[in-house]
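Peer 1: The structure is given below, and queries will be raised subsequently.
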Amino acid sequence: MSTDSRTVIVGLDGVPFGMLKKFGETGVMPNTHEIIKNGYFSKLRSSIPEISSVAWSSIITGANAAEHGIFGFIDTHPGTYSMRFPNYTDVKVKPFWEVARGESVIVNVPATYPVRPMNGVHVAGFVAIDFNKSVYPSQLVPLLKDMDYRLDVDASKAHTSMDDFLEDVDKTLDARIAAYRYLWKNQDWQNFMLIFTGTDRLMHFLWCAYADENHKYHELFVDHFRKIDVVIGEIVADLNENDTLLILSDHGFEGLETEFYVNRLLIEKGLLQFNPGTDPNLSNIAYGSKAFALDPARIFINQKGKYPEGSVAPEDRESVITELTAVFSEFEINGKKAIKHIYRKEDVYSGPYIDEGADLILIAESGINLKGAMGAKQMTGKGPFTGKHTLDDAFLLINKKIDAGQLPPTPSVIDAGQYIKSKVS
Amino acid sequence: MKDKFDHLDKLESQSVFIIREAYSQYRDVALLWSIGKDSTCLLWLVRKAFFGKIPFPVLHIDTTHKFKEIYDFREKYAKEWDLNLVIAKNEDALARGVGPDTGKFECCNELKTVALKQAIAEYGYKALYLGIRRDEHGIRAKERVFSPRDEDFEWDYKNQPPELWDQYKTKAAEEEHIRVHPILGWREIDIWEYTRRENIPVNSLYFAQDQKRFRSIGCETCCGPVDSQADSIDKIIEELKITKISERSGRAQDKESDYMMQKLRSLGYM
């Protein structure tokens, strides 16, 4: 192993600043608490929209979506309404491990499927499908399978049995830890990145169990974080003085009160129509529609020349934006405004792929979860989810104090990514 | 007799040439029959190539989830055409309860891909005839008429033999089996025009009932009909000349996309 300074990154998907602080102070995560006391600890701004594929792509590249090219989990093929699922092959900026000194071990970073050859080991994260395309080099496939390694928690279990889901969350975490321990010891590496994503899955379904100490799953929820803290303790014990440890999340989380189905509002305002007699989905958008939304709340103007049924002339784009802004900013749920902020494309994106970005991106008020949901029958509702992502309160924790100027006062995931690139290269 | 050697004659004679060439090279061959229109058209061509009696097995990979009309068609014509029909199922996976409800990616993988691997291992086929066509699906545009697969079924589409001037590389390395695609260059409309000309039996699922018909058939759980008035081959051919809808639009998405969609849905996206 190299004696050069090493960089270790541990990701806790979706964990908010406040939760980590609380778990540190209350003894759930004592090892993490030590780092908080002696190092750098700050809130981190997520990407816009605040979802994992976009945010982690910024963290590994140091770039914004108009540079790295990942705008969401779902997008359309250019010039069509047909759906596509952007993946690692769509990331246009090299991740840090492709520009780093020495070898890297990369485990479970979302949006890095399918893997490609690199200097080290890469095990892809969500949404990874085929095991064989998720592991580089492929010689590690049988070894990981022997460990019962799981690419991801099967979240569909939470819809039928919470006990089955929790068992899967636990087994997935154990296998992830086994894989990390094996690679940490047996692989040469200069940079190590390990992401825990069970945290996000737990918070989606069981934020209620976190919030309520009497909830029957409260202890199981907390145990998950205890286990992760043990890993953090192991890592710290094995670090050399010059090594840097970054622990961070990609977005925050909070309790979910209501889901707001953005496309339903567009339909009711007459701004989105489907061909007569067809199901309300992307491929059936009718001429005359002014806009549609893709998850979570990226609003695309149905522009002429851009889409097959495009009906907004380029010169009318500004007036449609004004109309949409009025519709969304006025919308209320139970007498309270639902939308906190409406970002324009130019506010959030800058780079060569800006044309692929949405025209408007909505950020909701606290407790409201935005979804595209073209097929929704009502404007609002509630599913099995009790937690939702937040924009402003991801966290960044570093095991040492930071020199002034290395990070801005409230850093973003992009700043964190640039900091990582500067450390490893 | 017709006085002109037309487009369909040309396709037919090319396909028959490929079918005979492959059989002379490999002998241990089988025809993969999904019982859809393309592989049935291929089966017809193979019967022609060998003067009515196919000298090798016809393999059906049975997921057990096919339409009833598919099973009926299989039984009827296997008998009528005196086929050496081999039916292969992944019994282990079926016993474990693998099916569309337990996850479509796993279902397709276990009941189709793994079932085929098991059949190849059991019967030792060196080559398989498949009725795929270039215009069906983006990735199939890159296919070759003779297309090697390694033991893991991997298709190395970046390392394919050139096939210029109809010169085919038919030799395979020991560990490979060869997939033979005699109707690769046929279009959907060619299949229907040939089917009409030859009077090839057609599964009733392809004809419109209540304004809907199937353009592509497979498992009942993963195929949907398209809007159509076409209740005869003539009308299907007319429809194909004007439609903008893709042939496989009624099919569930590619396996991976389908599974991704499922995963995203389970977390509340889509």
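The values are calculated or read from the model by the stated rules, or taken from the named source; none is laboratory data. All figures in this text were calculated on a predicted structure; none of them were measured in a lab. Glycine also receives a Cβ, built like all others from the backbone with ideal geometry; neighbour counts cover every protein chain displayed.
Peer 1: Take B:PHE5 and tell me if it is assigned to a loop (DSSP other than H, G, I, E, B), surrounded by fewer than 17 Cβ atoms within 10 Å (Cβ to Cβ), hydrophobic (A, V, I, L, M, F, W, C) and on the phi < 0 side of the Ramachandran plot.
Peer 2: Considered against the rule, which asks whether it is assigned to a loop (DSSP other than H, G, I, E, B), surrounded by fewer than 17 Cβ atoms within 10 Å (Cβ to Cβ), hydrophobic (A, V, I, L, M, F, W, C) and on the phi < 0 side of the Ramachandran plot, B:PHE5 comes out as yes.
Peer 1: What's the number of the only condition in (1) within 14 Å of chain B (Cβ to nearest Cβ); (2) within 21 Å of A:ARG201 (Cβ to Cβ); (3) aliphatic (A, V, I, L, M) that A:ILE60 fails to meet?
Peer 2: A:ILE60 satisfies all of (1) within 14 Å of chain B (Cβ to nearest Cβ); (2) within 21 Å of A:ARG201 (Cβ to Cβ); (3) aliphatic (A, V, I, L, M) except (1).
Peer 1: Give A:ILE36, A:ILE70, A:ILE59 a once-over and let me know the one that is assigned to a helix (DSSP H, G or I) and touching a Lys or Arg at 6+ places or on another chain (Cβ under 9 Å).
Peer 2: A:ILE36
Peer 1: Among the residues in the stretch A:132-144, are any in a loop (DSSP other than H, G, I, E, B) and either within 26 Å of A:ASP295 (Cα to Cα) or in contact with an Asp or Glu (Cβ under 8 Å, 6 or more places away or on another chain) (or both)?
Peer 2: Yes, the conditions are met somewhere in the stretch A:132-144.
Peer 1: Taking the stated definitions as given, is A:GLY387 surrounded by 14 or more Cβ atoms within 10 Å (Cβ to Cβ) and either at pLDDT 95 or above or not charged (D, E, K, R) (or both)?
Peer 2: So A:GLY387 passes the test.
Peer 1: Looking only at the stretch A:141-153, filter to residues that are within 14 Å of another protein chain (Cβ to nearest Cβ) and in contact with a helix residue (DSSP H, G or I) (Cβ under 9 Å, 6 or more places away or on another chain); which one of those is nearest to A:HIS204 (Cα to Cα)?
Peer 2: A:VAL153
Peer 1: State which residue is farthest from the chain's Cα centre (by Cα) when the search covers only the stretch A:154-168 and only residues that are in contact (Cβ under 8 Å) with a residue 24 or more places away in the chain and more than 13 Å from chain B (Cβ to nearest Cβ).
Peer 2: Filtering first and then ranking leaves A:MET162.
Peer 1: Hey, another quick one. Being more than 29 Å from A:PRO411 (Cα to Cα), assigned to a loop (DSSP other than H, G, I, E, B), touching a Pro at 6+ places or on another chain (Cβ under 9 Å) and at pLDDT below 95, is that true of even one residue in the stretch A:351-372?
Peer 2: No, the stretch A:351-372 contains no residue that is more than 29 Å from A:PRO411 (Cα to Cα), assigned to a loop (DSSP other than H, G, I, E, B), touching a Pro at 6+ places or on another chain (Cβ under 9 Å) and at pLDDT below 95.
Peer 1: Tell me which residues, restricted to the stretch A:88-117, are within 21 Å of A:PRO352 (Cβ to Cβ) and acidic (Asp, Glu).
Peer 2: A:ASP90, A:GLU98
Peer 1: Let me ask something else about it. I'd like the full set of residues that are at the interface with chain B (Cβ under 10 Å from one of its Cβ atoms) and assigned to a loop (DSSP other than H, G, I, E, B), limited to the stretch A:373-391.
Peer 2: Those that are at the interface with chain B (Cβ under 10 Å from one of its Cβ atoms) and assigned to a loop (DSSP other than H, G, I, E, B): A:ALA373, A:MET374, A:GLY375, A:GLY383, A:PRO384, A:PHE385.
Peer 1: Filtering the stretch B:228-249 down to residues that are touching a strand residue (DSSP E or B) at 6+ places or on another chain (Cβ under 9 Å) and more than 20 Å from B:GLU136 (Cβ to Cβ), which residue is modelled with the lowest pLDDT?
Peer 2: Among those that are touching a strand residue (DSSP E or B) at 6+ places or on another chain (Cβ under 9 Å) and more than 20 Å from B:GLU136 (Cβ to Cβ), it is B:GLN229.
Peer 1: Between a first residue in the stretch A:263-292 that is crowded, with 18+ Cβ neighbours inside 10 Å and a second residue that is of a type in the set (Lys, Arg), which pairs have beta carbons less than 7 Å apart while being 6 or more apart in sequence or on different chains?
Peer 2: Going by the 7 Å Cβ cut-off, the qualifying pairs are A:LEU271/A:LYS290.
Peer 1: For the stretch B:103-137, how many residues meet the condition of being at pLDDT 90 or above and under 23 Å from B:ILE191 (Cβ atoms)?
Peer 2: 9
Peer 1: Could you give every pair whose Cβ atoms fall below 8 Å, whose first residue belongs to the stretch A:295-321 and is within 14 Å of chain B (Cβ to nearest Cβ), and whose second residue is aliphatic (A, V, I, L, M) and surrounded by fewer than 15 Cβ atoms within 10 Å (Cβ to Cβ), counting only separations of at least 6 or pairs across chains?
Peer 2: Pairs found: A:GLU309/A:ALA286.
Peer 1: Quick one: which of A:GLU34, A:GLU67, A:GLU103 is surrounded by fewer than 24 Cβ atoms within 10 Å (Cβ to Cβ), closer than 20 Å to A:ASN191 by Cα and away from chain B (no Cβ under 14 Å)?
Peer 2: The unique qualifying residue is A:GLU103.
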